[in-house]
Structures are given as structure tokens and as C-alpha cells.
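Participant: Below is the structure I would like to discuss, written out as C-alpha cells.
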Amino acid sequence: MRFLLDAEQRAFAASLDALLTAAGTPAVIRDWSRGDRASGRALWSRVADAGVFALAVPEAYEGLGPRPVELAAAFVELGRHAVPGPLVETVVAAVLLEGAGQGTAKRLLPALASGETMATVAPEGAYALDGDAAAVRVSWEPGRIRLSPGHGPVRPSLDPARRLTPLLPGGDVLRLPTDEALTWARLATAAQALGVGLTLLDTTVGYVKQRTQFGVPVGSFQAVKHRLADARIALEFARPLVFGAALTMEPADAAAAKAAACEAAYTTARTALQLHGAIGYTAEYGLSLWLAKARALRTAWGAPGECRALVVSAGDRRR
């Protein structure tokens, strides 16, 4: 099995990285956290123009997909830059709506692929991400979904850029398989978490090279090197799991990737916070935007224990 991206896939990821670097995402994230959507929607349109959301939409509905490997590569870059908005949820909605009937799919999927419309998805009774920004709101249970007519008040989240809203009940019940959508959700979340972790590591390495103590950079201390090396190893071990899951699209593989990548990002976040010291705790410092996202992604679309249990169960069935 090949885990390395080919030249075209690497070029796609590099172009997306350049686009997001030029966009100045920290300012966009802060605007989004305050409920100011203008800069976030403009960035969303540019990401969509690059083809990111079309990767989850079939060609029959004006998309480019399904292309999970390219989507995983894209979500690593979205995580690197901590792009706000219902990114994973829009992908999940696209997968769900494809199976909801040709009429529904033809009406909604082209707008998701083009970035004209955002979507959010949540289990019935749970809070949905950015329901106030999304035009398509889907509540789901195993084997069925509903298109929600609206949302309730915004609730606080541990990541200010992840604005939570309850979905209003109502809408026709559409019965369809939903397991595939959960696999896509976990793959995209894992890739996003991997990107978050890589930025946290790079930022921390740069910081400890500049910060001095006893007249030398703190990065020269053996204990600091060991912490950073452990974070690097965790992230690099998660990377092949992410792209391996994108190749197989097996539920257990996606769960393994999600658990490994999110735990690696969370471990890196703890290391980054400790090595930055007091400045890492301040909301004004840019590091906080990635710290909050690493913590939130850890439990999104399946907590670590739930994902590990699925992997163990799949292994038991194969014996």
C-alpha cells in the first residue's frame, strides 16, 4: 500500500497552503469567533474555488469526487491554518445528501461543491457546529436524516471559533445508510487535527530557538528536545494512518486515524503550551487559536475511546 502523495496531490496541497498563508487566517478566526462572518465567507469561497468541497461531491452533481485522498491532503492544510467554519460538516452533508434521492441531491449538492452554501450536521438532539452560518442543516440518526428548518441560540464552546447551536426539530425523515458519512467525517477530522498539530509543533520549535535562558536558547536543553521529538514522532506515526484510511475508506481505519491524529495533536498542544510558558495561556497570542482547536477536535465525531473500541471490535471480527 502506498502512503505517499503523488506530485499532483502535493502540488494541490502546496497551492492551498499558499492561498491560506496569504489570507491571514488568524484575523479571520477572530472575526468568526465574534460572529462577524464576512471575512470567513470570503475565505470559504476561495477554498471552494480551489476545489476542496467538490472533492466530496460526485461529478453528476457538479463535483470532482469522491476523492478522499485529495480531500485528506486538503484538510491537513485547512488544519495547519485553523480555518474556521463547518468544514467537516459540509463534507458529511455532501455524502449524506448524495444518498437522499436525486431530487434533493440535485437541489443542494452543486451549491455545496461551489461554496455558495455551507452545511452543518449533528446527531439528533446534539449541538451543531455553526448552525447560524449554514444554510443546509442536517440532523441524523443511524439510518435516517432530517433537513432542519432552523437553529436555536448560539452556545459557547471551548474553541470560540466553533460556535454551537441546537437544530430545530422538523423536516421530512429520509431513510438512508449513514455509516459511510461517519467514515468521511472521521477521516476529515483526523486530517484537520494532523494539520493543527504540525503548526503547533512548528510554532513551538521556532519559539524555543528564540527564547533564551541562562544565556542560551531553551531549545538547546535536552528535556525540551525530548518533548518536541515525542510530539514529532506522534504526528509522523499518525500521518500514514490518515492517508491509509483515505485509501481504504474502511470505518475501522478511519477510526484508527482519527484516534491517532487527534491524540497526537492534543499531545503536541500540551507540549506547546508548556514550552511557551505563561504567554501560551493568553487569548491574544496566536498559539491559542490552534490550542483550542486541538482540544475540540479530539472529541469531535467520536472520542478517542469510542474510536479505539471500533478498531478493537474490527480486529476481533477478522480473527
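A short reminder: the numbers here are calculations on the coordinates, not readings from a lab. Everything quoted here is computed from the prediction, not taken from an experiment. So basically every Cβ, Gly included, is an ideal-geometry build from the backbone, and we count neighbours across all protein chains shown.
Participant: Give the Rg/Rh ratio for segment 51-105, taking Rg as the radius of gyration of the Cα atoms and Rh as the Kirkwood radius, to two decimals.
Facilitator: My calculation puts Rg/Rh at 1.00.
Participant: Let me ask you something else. Counting only other residues whose beta carbon sits under 11 Å from that of Tyr61, what net charge do I get with K and R as +1, D and E as -1?
Facilitator: Net charge in that neighbourhood comes out at -1.
Participant: Turning to a different aspect of this structure: Determine the sum of side-chain charges near Val28: Lys and Arg each +1, Asp and Glu each -1, restricted to other residues whose C-beta is under 15 angstrom from that of Val28.
Facilitator: +4
Participant: Turning to a different aspect of this structure: For segment 153-205, rounded, prolate or oblate, judged on the Cα gyration tensor with a ≥ b ≥ c (square roots of eigenvalues), a/c < 1.5 rounded, else prolate if a/b > b/c?
Facilitator: oblate
Participant: If you don't mind, another one. So which lysines can Lys258 reach, going by Cα to Cα under 20 Å and dropping same-chain residues fewer than 8 places off?
Facilitator: Cross-link targets: Lys293.
Participant: Which residue, Leu16, Val47, Ala27, has the largest displacement toward the positive end of the dipole of segment 1-53 when charges sit on each Cβ (Lys, Arg +1; Asp, Glu -1)?
Facilitator: Ala27
Participant: Once you have the alpha carbon radius of gyration of segment 7-177, what is it after dividing by 2.2 N^0.38 Å, with N set to its residue count?
Facilitator: 1.00
Participant: Just to check I understand the Karplus step: with θ = phi - 60° and J = 6.51 cos²θ - 1.76 cosθ + 1.60, what whole-Hz values come out for segment 75-80, glycine and proline as x?
Facilitator: 6, 4, 5, 4, x, 3
Participant: Once you list every other residue whose beta carbon is under 13 Å from the beta carbon of Ala260, what net charge do they have if Lys and Arg are +1 and Asp and Glu are -1?
Facilitator: +2
Participant: Follow-up. What's the magnitude of the charge dipole for the chain around its Cα centre, counting Lys and Arg as +1 and Asp and Glu as -1 at the beta-carbon? Answer in Debye, nearest 20.
Facilitator: 780 debye
Participant: Same structure, new question: Quick one: work out the % antiparallel among DSSP beta bridges in the chain, nearest 5.
Facilitator: Bridges in the chain are about 70 percent antiparallel.
Participant: Still on this structure: Dividing the alpha-carbon radius of gyration of segment 192-318 by 2.2 N^0.38 Å (N being the number of residues), what value is obtained?
Facilitator: Cα Rg divided by the expected 2.2 N^0.38 Å: 1.17.
Participant: Considering the values (i) 35, 61, 4; (ii) 35, 54, 11, 0; (iii) 33, 58, 9, 0, which represents P(r) over Cα pairs in 20 Å bins from 0, in percent as calculated for the structure under consideration?
Facilitator: (iii)
Participant: Where Rh is the Kirkwood radius over the Cα pairs of segment 190-243, the temperature 20 °C and the viscosity 1.002 mPa s, what D in µm²/s does Stokes-Einstein return?
Facilitator: 179 µm²/s
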